[in-house]
1. Could you tell me how many of the residues in the stretch 428-454 are part of a helix (DSSP H, G or I) and farther than 14 Å from residue 400 by Cβ?
2. Out of the residues in the stretch 304-321 that are surrounded by fewer than 18 Cβ atoms within 10 Å (Cβ to Cβ) and part of a loop (DSSP other than H, G, I, E, B), which is nearest to the chain's Cα centre (by Cα)?
3. Pick from 410, 381: which is crowded, with 20+ Cβ neighbours inside 10 Å and closer than 22 Å to residue 429 by Cβ?
4. Among the residues of the stretch 455-484, what is the count of those that are in contact with a helix residue (DSSP H, G or I) (Cβ under 7 Å, 6 or more places away or on another chain) and either within 19 Å of residue 416 (Cα to Cα) or buried (at least 18 other Cβ atoms within 10 Å of the Cβ) (or both)?
5. What's the number of the only condition in (1) more than 32 Å from the chain's Cα centre (by Cα); (2) farther than 30 Å from residue 56 by Cβ; (3) part of a helix (DSSP H, G or I) that residue 151 fails to meet?
6. Suppose the filter is touching a strand residue (DSSP E or B) at 6+ places or on another chain (Cβ under 9 Å), closer than 24 Å to residue 163 by Cβ and not in a loop (DSSP other than H, G, I, E, B); does residue 95 pass it?
7. Consider residue 487 carefully, then state whether it is modelled with pLDDT under 90, within 30 Å of residue 408 (Cβ to Cβ) and either in contact with a strand residue (DSSP E or B) (Cβ under 9 Å, 6 or more places away or on another chain) or surrounded by 13 or more Cβ atoms within 10 Å (Cβ to Cβ) (or both).
């Protein structure tokens, strides 16, 4: 049973549409369609309001002009000018009004702008008394308008000599459902056969089901599905997919699987989209074994996974840290002719690298690039970092050089390579990359400085590290705790005491929480192991 709601009472004879041919009037109609207040009088005169104006005014040329009008207001002004002030005036015709209505339905400001400029057009259309025509010209507007204006337009269709049909009823339902006016949509759906003399069809049911599922009302959606057979409507793949989506969104995988099994038992064949919805439901709950089972069943009956199928399963494998499965499915996806998007590529590369398989991640990425996946600095930066971390310096440098030939590396990509080179003791090469980065007008940031400073400290070149530290501070970059620790550790000779004092004082100025844990232990060790001068500086630090 659908949701109950109030229904509009039609006055006697309101549904009795005239079948007599309409009489075309030749009386000027300008006084019947006054401009609304939103259209300034000063914008309306004998000069064409839209330029360029067609030299030969025909229904076809003017329809094209209306569709290209810059704004709905321009379209309305042009329509009035063509009908009443052009020389000679353009006779009213269905193609012209259809173009005007279409332009209003595509108003840039949305449904509000369409509703504001619609009255003068409808007044002109009503006064033109065109012969009986279908409701097709009104369909875009019925979908685009807000619920109540859309309902008013639908109910007024007979006044334009247009017959409401299931198509226009579905367009109205679409407007209501998009605005989540489900109670009103359900009431109209239920009243359609007896009050509107329109029989809802399969599309009507699917629109209503989509709305119910969108607000999470699975119970009512199931009632609609159960009642469809009583209305003589056979559910299709869209119907079942919509309800299946509701089950999965609710987390009721048992119900989803039961519905899916019932569909197959009834002799219907689910398509790739329906399979994917169920697979995604299992993936969202971390049930990868069930997702793999459905995927195997899918292929066994001859339904091939599509791009979305592969993507949802690969994404779930990455989330669960299953790098081997993610790699194998990515290769299978590429073999099937589908190309993962860049975010999915990044996930696959990351999960492989996190699992210590940077070489395999590099191979997968190269396969993707050969399939025309555009270069991406984030993915390449991740790869470079992990290749360097695994000691694969040559591969990292080769990957960077390949990116540089066809793409501009980002600061993140430069930093990833510099960090990797510094961690592997390749300070000279890191310096060359630094110079290349500066030539491209990238300004080194805290990450760049820290990588080189720690690299110098690691190989015992503390003076060079401290020189870079001073440059870093002068440029306003904020050092991390680990950088202070690295500098203090490297400057262990008594000749560096003054330098260390300065570094410790700088660290203390960063706040009371900066010198804690390991940093504090290093300071205490320094005080214990050295002279009275250290104690004086420790007192100074404690009082900051």
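1. Residues in the stretch 428-454 being part of a helix (DSSP H, G or I) and farther than 14 Å from residue 400 by Cβ: 14 in total.
2. Only one residue tops the list, namely 306.
3. Residue meeting the stated conditions: 381.
4. 15
5. (1)
6. No.
7. No; evaluated as a whole, the condition is false for this residue.
Conditions (1) surrounded by 15 or more Cβ atoms within 10 Å (Cβ to Cβ); (2) closer than 23 Å to residue 309 by Cβ; (3) touching a helix residue (DSSP H, G or I) at 6+ places or on another chain (Cβ under 7 Å), marked per residue:
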position: 204; (1), (2), (3): yes, no, yes
position: 233; (1), (2), (3): yes, no, yes
position: 236; (1), (2), (3): no, yes, yes
position: 243; (1), (2), (3): yes, yes, yes
position: 278; (1), (2), (3): yes, yes, yes
position: 285; (1), (2), (3): no, yes, yes
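The values are calculated or read from the model by the stated rules, or taken from the named source; none is laboratory data. Everything numeric in this text was worked out from a predicted model, so none of it was measured. Positions of Cβ are generated from backbone atoms using ideal geometry, with glycine treated the same way; all protein chains shown enter the neighbour counts.
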